[in-house]
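K.L.:
Have a look at the structure that comes next, please.
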Amino acid sequence: MSTKKLVVVGAGMVAQRLVEALIERDGTSTWSIDVFGDEVHRPYDRVALTSFFKLENHTELYLGESSLWESAGVTLHTNARIDSVDSTARTVTCGDSTHDYDALVLATGSYAFVPPVQGHDLRGSFVYRTLEDVAAIRDWVTIRSEELSRPLRGAVIGGGLLGLEAAGALCELDVQASVIEFADRLMPLQVDEGGGSALKRLIEKLGVTVLTSTATSKIMANGQGVVSGMEFASGE
């Protein structure tokens with residue numbers, strides 16, 4: 001019996017669990033599985049990114065056993081971004097190579113939304129989603145702290161779950177953190193007004209400054225082209 005081809009686009013937590021479940025059900029006897037991820041790492045616990053700063057090695061965030069990706073019929077492609085899907089031909093394209101599939105699973109997850117404000121691409125401005133992102137933040141804080149010889153100030157635009165995680169990461173690095181949220185409360189999609197007030201009190205007890213109902217209109221730079229301030233729609 002010939003095996004069918006399963007292509008999974010995205011090498012995160014969902015892909016990890018899918019492959020585990022298929023192996024548990026002897027799925028590799030009828031399917032060959034190719035998992036494509038655009039990061040250099042095998043699946044890791046993205047939810048626990050903040051703990052990166054306390055770990056001896058980032059590999060401690062990796063999910064499951066590495067032997068999973070050595071299983072017969074399973075191939076993990078890292079640093080391999082899928083550029084296009086042809087649903088008629090049932091193929092995916094990765095760089096110069098094309099891969100056939102009988103079934104396709106899209107497990108790419110979310111991406112970090114960058115507000116389209118002036119200065120969002122200045123040096124010292126980061127997103128917070130991957131291991132590379134948090135490593136870049138850590139390295140920047142280390143370098144700038146030595147250059148300025150004082151505690152750094154950091155701002156997080158967005159008071160959702162990931163924004164609060166990012167603020168927690170800054171605190172771990174001894175950076176004075178502020179969270180700027182456009183809505184009238186933190187985590188507006190998850191909690192009501194009362195919950196938002198309680199959450200704000202908890203976050204402020206951690207030493208984080210919280211600004212709600214605040215829209216960022218511009219990110220400013222110093223003479224060296226490095227992030228140095230923010231201007232809000234209110235003029236502050």
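K.L.:
Tell me, please, whether a residue that is among the β-branched types (Val, Ile, Thr), assigned to a helix (DSSP H, G or I), open to solvent by 50 Å² or more (accessible area, probe 1.4 Å) and under 18 Å from Gly64 (Cα atoms) can be found in region 23-32.
P.N.:
Yes: region 23-32 contains one or more residues that are among the β-branched types (Val, Ile, Thr), assigned to a helix (DSSP H, G or I), open to solvent by 50 Å² or more (accessible area, probe 1.4 Å) and under 18 Å from Gly64 (Cα atoms).
K.L.:
To continue, here is another question. Restricting to region 9-22, give me the number of residues that are touching a residue at least 40 places away in the same chain (Cβ under 8 Å), assigned to a helix (DSSP H, G or I) and under 18 Å from Asp102 (Cα atoms).
P.N.:
Number of matching residues: 3.
K.L.:
Please name all residue pairs, on different chains or six or more residues apart, with Cβ atoms under 9 Å, provided the first residue is in region 58-73 and is closer than 12 Å to Ile33 by Cα and open to solvent by 40 Å² or more (accessible area, probe 1.4 Å) and the second residue is assigned to a helix (DSSP H, G or I) and at pLDDT below 95.
P.N.:
Once the first residue is closer than 12 Å to Ile33 by Cα and open to solvent by 40 Å² or more (accessible area, probe 1.4 Å) and sits in region 58-73, its partners that are assigned to a helix (DSSP H, G or I) and at pLDDT below 95 give Ala72/Thr28.
K.L.:
Now, a different point. For region 61-173, please list each of the strands (runs of 3 or more DSSP E) lying entirely inside it that holds at least 2 residues being within 30 Å of Gly196 (Cβ to Cβ) and either in contact with a strand residue (DSSP E or B) (Cβ under 6 Å, 6 or more places away or on another chain) or modelled with pLDDT under 95 (or both).
P.N.:
By residue number, 153-157.
K.L.:
Another question, if that's okay. Among the residues of region 209-225, is there at least one that is farther than 29 Å from Tyr44 by Cβ, touching a Lys or Arg at 6+ places or on another chain (Cβ under 9 Å) and modelled with pLDDT under 95?
P.N.:
yes
K.L.:
Output the residue which, of all residues in region 1-22 that are of a type in the set (Val, Ile, Thr) and open to solvent by less than 60 Å² (accessible area, probe 1.4 Å), is nearest to Val40 (Cα to Cα).
P.N.:
Checked region 1-22; the qualifying residue nearest to Val40 (Cα to Cα) is Val9.
K.L.:
Here's another thing I want to ask about it. Hey, does region 204-216 have a residue that's without any contact (Cβ under 8 Å) to a residue 60 or more places away in the chain, more than 22 Å from Tyr111 (Cα to Cα), open to solvent by less than 60 Å² (accessible area, probe 1.4 Å) and among the hydroxyl-bearing types (Ser, Thr, Tyr)?
P.N.:
Yes: one or more hits.
K.L.:
Take the residues in region 114-136 that are surrounded by fewer than 14 Cβ atoms within 10 Å (Cβ to Cβ) and free of Cβ contacts under 8 Å to residues at least 40 places away in the same chain; name whichever of them is nearest to the chain's Cα centre (by Cα).
P.N.:
Val114
The values are calculated or read from the model by the stated rules, or taken from the named source; none is laboratory data. Note that the structure is a prediction, hence the values are computed from the model and not measured. When we count neighbours, we look across all protein chains shown, and the Cβ atoms used for this are built from the backbone with ideal geometry, even at glycine. With ligands, DNA and RNA removed, areas are computed over all heavy atoms of the protein, side chains included. Shrake-Rupley method; radii C 1.70, N 1.55, O 1.52, S 1.80 Å.
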